[in-house]
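Peer 1: For reference, the structure I am asking about is given below.
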Amino acid sequence: MSRIAYVNGRYLPLRDAAVHVEDRGYQFADSVYEVCEVRDGQLIDERRHLDRLERSLGELRIRMPMARAALSVVLHEVVARNRIGYGTVYLQIGRGVARRDHAFPPLQTPPSLVVTARPLNRARNEASAEKGIAVISLPDNRWGRVDIKTTGLLPNVLARQAAIEQGARDAWFVDRDGFVTEAASANAFIVTAHGTLVTRQVDHGILRGITRTVTFEAIKAQGLALEERAFKLEEAYKAREAFVTSASQIVLPVVTINGRTIGDGKPGPVAMALRREFHRFAEAG
Ligand code: PDD
């Protein structure tokens, strides 16, 4: 079955789905995106993802290309047309097509919208969670507004590639003061020796992950202590557990950081329990 994408009003086979060469998303990364998990054909936490989308658009003064209810129909339609049981749906909204000029195009320029969906391999995801992943750390060289989910992801791309070239799966960014911000496409957590969960507070230095927010609910329900504060690599090396959260991986245990073993080098019980419990707290629709 060929994959179907939605591009500016049309559902097209992926091979025919293309954007204009003067699309500002293409030329300037003048666009934002969202990724939702799909499970049993349903979108997970769509409401929260669309809330964050509207916030990102608002911060950049890009218009919604259509009403939120219509956008929801398109998302579900792309999932259905691609017969996704388990996977992700991706949406990208940009400031539209205009003659190349850094300044905003005329106000009436229609924003562009692309939606794609793809299946994920559940067995492979479960296998990597059961094994845990290795991460490296790198200086956080991103711009100062990574709370906005823009497609300007070059530092994230280079970080992920560096991780892979060093035999790891992901990279944790570290700010100028030595504090961990987040992973290349996920939020970072540790579990201290006392069993307290720690993840960086939300500010302009991290993306407020939807998975992070919903994981907080699972943490509270288990009666675990949670601190939203910055932590350094030294604290992470001594942690009992570490993990990352994102829509595509949910809760994924980290077993080494810069080659140092975390805890006993196996995925920890806290991370694995949160992974198992997560969907009891997420919305599906
Ligand atoms: N990334 N931080 C960054 C930099 C991210 O790119 C992401 C998500 C997250 C986690 O956010 P959420 O829990 O809402 O997925 C944190 C998506 C999955 C991606 O780029 O593919």
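The values are calculated or read from the model by the stated rules, or taken from the named source; none is laboratory data. On a predicted model such as this, the values are computed, not experimentally measured, just so you know. Cβ placement follows ideal geometry from the backbone for every residue including glycine, while neighbour counts extend to all protein chains displayed. All accessible areas refer to the heavy atoms of the entire protein, side chains included, with ligands and DNA or RNA removed. Shrake-Rupley method; radii C 1.70, N 1.55, O 1.52, S 1.80 Å.
Peer 1: Which residue, 164, 210, 190, has the most motion in a Gaussian network model of the chain that connects Cα atoms within less than 10 Å?
Peer 2: 164
Peer 1: Still on this structure, I have one more. With springs only between Cα atoms under 10 Å apart, run a GNM on the chain and tell me which of 163, 239, 193 wobbles the most.
Peer 2: For the chain, modelled as a Gaussian network with Cα springs under 10 Å, the answer is 193.
Peer 1: Based on alpha-carbon centroids, what's the gap between region 84-116 and region 118-163 in Å, whole number please?
Peer 2: Region 84-116 and region 118-163 have Cα centres spaced 22 Å from each other.
Peer 1: Roughly what angle does helix 46-60 make with the longest principal axis of the chain, taking Cα atoms, 0 to 90 degrees, to the nearest 10?
Peer 2: Taking the Cα atoms of the chain, the angle to 46-60 is about 70 degrees.
Peer 1: Keeping all protein chains in place and using 1.4 angstrom, which order do 49, 20 fall into by accessible surface area, from largest down?
Peer 2: On the way: 49 10, 20 100 Å².
These residues rank, largest area first, as 20, 49.
Peer 1: Can you spot the lysines whose alpha carbon is less than 27 Å from residue 238's alpha carbon? Ignore those fewer than 8 places along the same chain.
Peer 2: 131, 220, 266
Peer 1: Okay, next question. Say the dipole of region 243-285 comes from +1 at the beta carbon of Lys and Arg and -1 at that of Asp and Glu; which of 274, 284, 256 then lies farthest toward its positive end?
Peer 2: 256
Peer 1: Can you give the % of DSSP beta bridges in the chain that are antiparallel, to the nearest 5?
Peer 2: The antiparallel proportion sits near 80 percent.
Peer 1: Here's another thing I want to ask about it. Region 185-259 to region 1-55: how many Å between their Cα centroids?
Peer 2: Each part reduced to its Cα centre gives a spacing of 28 Å.
Peer 1: Moving on. To the nearest 20 Debye, how big is the dipole of region 77-126 about its Cα centre, given +1 on the beta carbon of each Lys and Arg and -1 on that of each Asp and Glu?
Peer 2: 140
Peer 1: Which of 28, 243, 189 moves the most in a Gaussian network model of the chain with Cα springs under 10 Å?
Peer 2: 28
Peer 1: Pull out a ≥ b ≥ c, the square roots of the eigenvalues of the alpha-carbon gyration tensor of the chain, then state rounded if a/c is under 1.5, prolate if not and a/b is larger than b/c, and oblate in the remaining case.
Peer 2: In terms of gyration-tensor shape, prolate.
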